[in-house]
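K.L.:
I'd like to ask some things about the structure below.
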Amino acid sequence: MDGSVQPGGTGGDPIVIVGAGLAGARAAEAVRVAGFEGRVVLVGEETAAPYLRPPLSKEYLAGSADRDSVDVHPLGWYAEHAIERIAGHRAAVLDRAGHRLALDDGRELRYSRLLLATGASPRPFPGPGASLPGVHYLRTVEDADRLRAALAQGGRRVVIVGSGWIGLEVAAAAKGQGNDVIVLGRGAVPLQAALGAEVGAVFDQLHRDHGVHVGNNTNVVELEGETRSGGTRVTGVRLSDRTLVRADLVVVGLGATPNTQLALGAGLAVDNGIAVSATFQTDDPDVFAVGDVANVFHPRLGHRLRVEHWANADTAGAAAGRALLGDTTQYAAIPYFYTDQFDLSMEYSGFGDLARDAEVVFRGDRPGREFVAFWLAGGQVVAGMNVNVWDINETVQRLIRSKVRVDPRRLMDESIALEDLLEPTPGMA
């Protein structure tokens, strides 16, 4: 890679990155690190400079981190590296034939190559009452500020609709600030879709042990409100069996949908996100996509994979920046994420698709919440999660990459170092 934009566009026009989140910021940074000296324009719908989203449901929401701590770079970094920021404006129309991007204020930007890093938006509650005052969604730092202020008062009855990662992290933060917290989820245990019943049960018990009320196998059909002296606001959630669960505030955590509107309007291929190659290229050679919005071909899986976790935005964002300059290295990272809830911290690496029907093997003290869980498919480790056990994630990832077949009994045996399992088990090669 020589650091020059490849042919296909209008030579002197800038690289334009649409989406000023972590993925967009890392792409801009990578372009400069690679030595590109032309114009780089970063377009963001939010007025804030790029920031990290994981703390918004963890330490920032809990009040233990300040605003500056979530920024990707100090504000002055962008000017120092000649990254032109257009903040507070939405990209409205992408004209691929003319290599032009129209913004919501009527301005037009020409581009040589363009990267779509438009992220995802919270999935709204599908029934009545979704927009009542007192109903919170969590995606932006402004969302976090509003929810943080509401939780900090303590003594509130907080009902969380959805028992996924966001729901459980918010539950931990809310309970830690002295609120009465109820989590309502459709699964038999929290995180069932992500981790399966056995591992999800660990999180179910964790929250119960810390005084969170967990309602599994529940279906919320309506958010109800009442009009009082201060106006109308949410006062409860109605379940499918007509039970009413009272609430002072409601947090909806039902996942996210990729922001593909710009791509669809431009006629790009969209399939659970913007469909791209392992080098982030769309079906237009001068348009790329990365981050939550991108469904990226993964060479290990042989099909596309859309990953919403921050680590993907971090590493894939940088890789996409290099791809804009002609790097043809296929992106083959193993998905990774982490969570902190009460006294449980964990890291997960692996492929959810491969782990869905896999055998789960535990190593360590599961009741004491100090263990490693492995998902085995065809004798191979396809995912691993270390809970309150540290400095092993790199080895877990090496096991996944190795595709070596492992005897589950050896995997469970703590007297055998994980590194030793990288050698094939006799008779299982």
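K.L.:
Taking only the range 385-429 into account, find how many residues are surrounded by 14 or more Cβ atoms within 10 Å (Cβ to Cβ), among the basic types (Lys, Arg) and touching a strand residue (DSSP E or B) at 6+ places or on another chain (Cβ under 8 Å).
P.N.:
So the answer is 1.
K.L.:
List pairs: first residue in the range 191-215 and within 22 Å of GLU308 (Cα to Cα) and in contact (Cβ under 8 Å) with a residue 12 or more places away in the chain, second residue hydroxyl-bearing (Ser, Thr, Tyr) and buried (at least 20 other Cβ atoms within 10 Å of the Cβ) anywhere in the structure, Cβ distance under 7 angstrom, at least six positions apart or on different chains.
P.N.:
Once the first residue is within 22 Å of GLU308 (Cα to Cα) and in contact (Cβ under 8 Å) with a residue 12 or more places away in the chain and sits in the range 191-215, its partners that are hydroxyl-bearing (Ser, Thr, Tyr) and buried (at least 20 other Cβ atoms within 10 Å of the Cβ) give LEU191/SER163.
K.L.:
Hey, SER163 hits all of (1) open to solvent by 10 Å² or more (accessible area, probe 1.4 Å); (2) under 22 Å from VAL212 (Cα atoms); (3) part of a helix (DSSP H, G or I) but one; which does it fall short on?
P.N.:
So SER163 meets the others, but not (3).
K.L.:
Right, GLU169: open to solvent by 20 Å² or more (accessible area, probe 1.4 Å) and either outside any loop (DSSP other than H, G, I, E, B) or closer than 21 Å to GLU370 by Cα (or both) or not?
P.N.:
no
K.L.:
Examine the range 256-275 for a residue that is touching a strand residue (DSSP E or B) at 6+ places or on another chain (Cβ under 8 Å), of a type in the set (Val, Ile, Thr) and open to solvent by 60 Å² or more (accessible area, probe 1.4 Å), and state whether such a residue exists.
P.N.:
No, the conditions are met nowhere in the range 256-275.
K.L.:
Tell me, which residue of the range 50-86 that is within 30 Å of GLN177 (Cα to Cα) and without any contact (Cβ under 8 Å) to a residue 12 or more places away in the chain is least open to solvent (accessible area, probe 1.4 Å)?
P.N.:
Out of the qualifying residues, it is ALA65.
K.L.:
Hey, which of the strands (runs of 3 or more DSSP E) in the range 344-384, taking only ones fully inside, have at least 3 residues that are surrounded by 15 or more Cβ atoms within 10 Å (Cβ to Cβ) and of a type in the set (A, V, I, L, M, F, W, C)?
P.N.:
359-365, 370-377
K.L.:
Answer yes if at least one residue in the range 321-336 is of a type in the set (Lys, Arg), at pLDDT 95 or above and in a helix (DSSP H, G or I), and no otherwise.
P.N.:
Yes; the residues of the range 321-336 include at least one that is of a type in the set (Lys, Arg), at pLDDT 95 or above and in a helix (DSSP H, G or I).
K.L.:
Could you figure out which of (1) touching a helix residue (DSSP H, G or I) at 6+ places or on another chain (Cβ under 7 Å); (2) not in a helix (DSSP H, G or I) isn't true of GLU419?
P.N.:
Unmet for GLU419, out of (1) touching a helix residue (DSSP H, G or I) at 6+ places or on another chain (Cβ under 7 Å); (2) not in a helix (DSSP H, G or I): (2).
K.L.:
Next question, about the same structure. GLY44: small (Gly, Ala, Ser), buried (at least 16 other Cβ atoms within 10 Å of the Cβ) and modelled with pLDDT under 95, yes or no?
P.N.:
Taking the combined requirement at face value, the residue does not satisfy it.
The values are calculated or read from the model by the stated rules, or taken from the named source; none is laboratory data. What you see is a predicted model; the values in this text were computed from it and never measured. All Cβ positions, even for glycine, are placed from backbone atoms using ideal geometry, and neighbour counts span all protein chains on display. Surface accessibility is based on the protein's heavy atoms, side chains included, excluding ligands, DNA and RNA. Shrake-Rupley method; radii C 1.70, N 1.55, O 1.52, S 1.80 Å.
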